[in-house]
Amino acid sequence: MYKTHTCGELRASHIGQTVTLAGWVNTRRDHGGLIFLDLRDRWGITQVVANPEIAPAAHEAAAKTRNEFVLRAEGVVRPRLPGKENPKLATGEIELEVRALEILNPAKTLPFLIHEDEVTDEQVRLKYRYLDLRRERMQRNLMLRHKVVKFMRDYLDAQGFIEVETPILFKTPPEGARDYLVPSRVHPGCFYALPQSPQQLKQLLMVAGVERYFQIARCFRDEDQRGDRQPEFTQLDLEMAYVHRDDVLATVERLYTAMLPVVAPRKRLLSSPWPRLTYREAVARYGTDKPDLRFGIELYDVGDILTKSEFKVFRGALDSGGAVKCIVAPGCAGYTRKEVDDLTTFAKEQGAKGLATLALTAEGVKGTAQKFVSSEEVAALSERTGAKEGDLFLFVADALAIANKVLGALRPWFRDKLDLADQDVLAFAWVVDFPMFAWDADNKRWDAEHHPFTMPKLEDLDKFETDPGAILSDAYDMVCNGYEMASGSIRIHRRDIQHKIFELLGVSEHDIQHKFGHMLEAFEYGAPPHGGMAPGIDRLVMLLADEPNIREVIAFPKNQQAMDVMAGAPSPAEPKQLAELHIRVVEEKQ
Ligand code: ASP
């Protein structure tokens, strides 16, 4: 080994010992005579002092070093001079008086500083990711991620789960996103698909008798990139046989409840056990199926209070079967015209035609709806919502789905503006009873809301012919602080129901056999009832690390154009490779 100790290890108890350290020069200070080097490795920083009188050769070598040179330093541990201790460093009581210093490798001037968290353009950080990862923040994130995954593995192992690897080269799975395809050389014109998730395989493992499966699984989805999306991401994929919904939820809730104090002791759970909301309730109260429960500002349907309203905006919505919903922004009655205009612009971006307001000021009721709302109506609105003087009502009158969407988007807007949510609080919750199907108006067909292997509620089976939109499923999501953290479901294990679902989704008999024949066949050989879920690991670590996006917690992420700017991927293939793969590239027409 190049070192006897790490750079974070030496304490007063080591004083007098001869040791060897190795690492990077974090900073270097030349005090004319003495040279001080802060030597850094993954574990910390130790001050190394080169004294020309004690070790002239080592001092000469130290004089040649620059930031990020790689060194090996042998010397004697000694106490720092009185008053020179550094309480901020774990090794701050001591320093290494160097006797021999070897430069293992010099370093060019770096594109950015490692030892300071200076703001650096993300593209530059990604191009030099191996340098970016040397920074303390990124080292912390890597470590946290490691601890999370290790905890999951150990915990699930103790609960009788086994980790099974499933193939990366597989077949189009029905998760609803676009696939990454891999051409086959030996089967011209045929392609593997990279798994969007190991969904089918984990279900087949249940048929195979594994009973409790998990995998730290890489998933690939060719979707448009957003802050919290990556072309490849990692899930804790798990599946259990002989379980009902609540067994799966309890297993995962217990895992997270045990894990959080260990991996992120600073974070607090808002409530334990985690609250459960039905999908309907979540959307009605928060305007979204992934609500942030750390603060109030709930949505209220107030159409019944305003039935007699002459206000065109309210009337129009109510008469055409829509809704009037509102939220109350606490303490915002004094918003200026400009602030209300900004809010309206935001609401319009979310699809609203406009925003109506009522401000409960000390001088009376103000706002765009003021002229049209009677004092009785204001009293009834305040009674329902708990609004008081100083508060601002914001109304959206529109189709119910739009009112929910717009007000649901305004909640986090106020959360951030009014600083309503504590970053250290984790508001985990379960959302259950999702609709089984969603109507795709563009393509005039039903889509599976979760995926087609999800079990519909058995009591809803008779609605298949009459009202598919009303069928609920045994699907569930885990949400936290406004993010979807996991989804899962109890699965269909009966061939007849599975076949019926494919039919309703408009999958042709040919495609059913061709794409899913293996699943249907497996269900005929004694498939046990089963269910599972797949919590996202990137998003969890992002939340625990207080990072703004998942790229910060992935060692080598793609940028927002799905590119690896360090290695330059994707890149054109050699003509020979393309020929072997039976592929001809068609020039994009400009
Ligand atoms: N495979 C699903 C997904 O990736 C999760 C599950 O149903 O377990 O969303």
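Side notes on the structure shown:
- The range 469-481 - residue that is crowded, with 22+ Cβ neighbours inside 10 Å and in a strand (DSSP E or B) and, of those, nearest to the ligand (Cβ to nearest atom): ALA475
- Count of residues meeting criterion [out of contact with any strand residue (DSSP E or B) (no Cβ under 9 Å at 6 or more places or on another chain) and either among the β-branched types (Val, Ile, Thr) or part of a strand (DSSP E or B) (or both)] in the range 163-206: 1
- Test: ALA409 is over 15 Å from LYS353 (Cα atoms), under 28 Å from the mean Cα position of the chain (by Cα) and among the small types (Gly, Ala, Ser): no
- Exclusive hit being in contact (Cβ under 8 Å) with a residue 24 or more places away in the chain and farther than 30 Å from ARG254 by Cα, set GLN139, GLN123: GLN123
- Within the range 209-253, the set of residues being among the aromatic types (Phe, Trp, Tyr) and over 22 Å from ARG539 (Cβ atoms) comprises just one member, TYR242.
- Screening the candidates GLU521, GLU552, GLU547 for the property of being more than 30 Å from MET143 (Cβ to Cβ) and not hydrophobic (A, V, I, L, M, F, W, C) yields one hit, GLU521.
- Residue in the range 539-561 that is surrounded by fewer than 16 Cβ atoms within 10 Å (Cβ to Cβ) and either under 23 Å from LEU181 (Cα atoms) or β-branched (Val, Ile, Thr) (or both) present: yes
- Those residues of the range 562-579 which are assigned to a loop (DSSP other than H, G, I, E, B) and within 19 Å of SER184 (Cα to Cα), in sequence order: PRO570, SER571, PRO572, ALA573, GLU574
- Here LYS171 fulfils each of the conditions (1) of a type in the set (D, E, K, R); (2) under 22 Å from the mean Cα position of the chain (by Cα); (3) within 16 Å of the ligand (Cβ to nearest atom) apart from (2).
- Residue within the range 207-214 that is in a helix (DSSP H, G or I), within 16 Å of the ligand (Cβ to nearest atom) and at negative phi present: yes
- Hey, PRO275 farther than 27 Å from VAL378 by Cβ and out of contact with any Lys or Arg (no Cβ under 6 Å at 6 or more places or on another chain) or not: yes
- Filter result for THR166 (hydroxyl-bearing (Ser, Thr, Tyr), within 16 Å of the ligand (Cβ to nearest atom) and within 19 Å of the chain's Cα centre (by Cα)): no
- Flag if PHE69 is touching a Pro at 6+ places or on another chain (Cβ under 6 Å) and in contact (Cβ under 8 Å) with a residue 12 or more places away in the chain: yes
- Count - residues of the range 487-498 that are surrounded by fewer than 22 Cβ atoms within 10 Å (Cβ to Cβ) and part of a loop (DSSP other than H, G, I, E, B): 2
- The set of residues in the range 174-196 that are among the charged types (D, E, K, R) and within 14 Å of the ligand (Cβ to nearest atom) comprises GLU175, ASP179.
- Of the candidates THR336, THR357, the single residue that is surrounded by 15 or more Cβ atoms within 10 Å (Cβ to Cβ), free of Cβ contacts under 8 Å to residues at least 40 places away in the same chain and more than 17 Å from GLY287 (Cα to Cα) is THR357.
- You will find that of GLU459, GLU503, GLU465, GLU484, the residue that is part of a strand (DSSP E or B) and either within 16 Å of the ligand (Cβ to nearest atom) or surrounded by fewer than 18 Cβ atoms within 10 Å (Cβ to Cβ) (or both) is GLU484 and no other.
Computed from the coordinates by the stated procedures, all read-outs in this text should not be read as laboratory data. Just so it is clear, the structure is predicted and the values come from calculations on it, not from any experiment. Cβ atoms come from the backbone with ideal geometry, glycine included; neighbour counts cover every protein chain shown.
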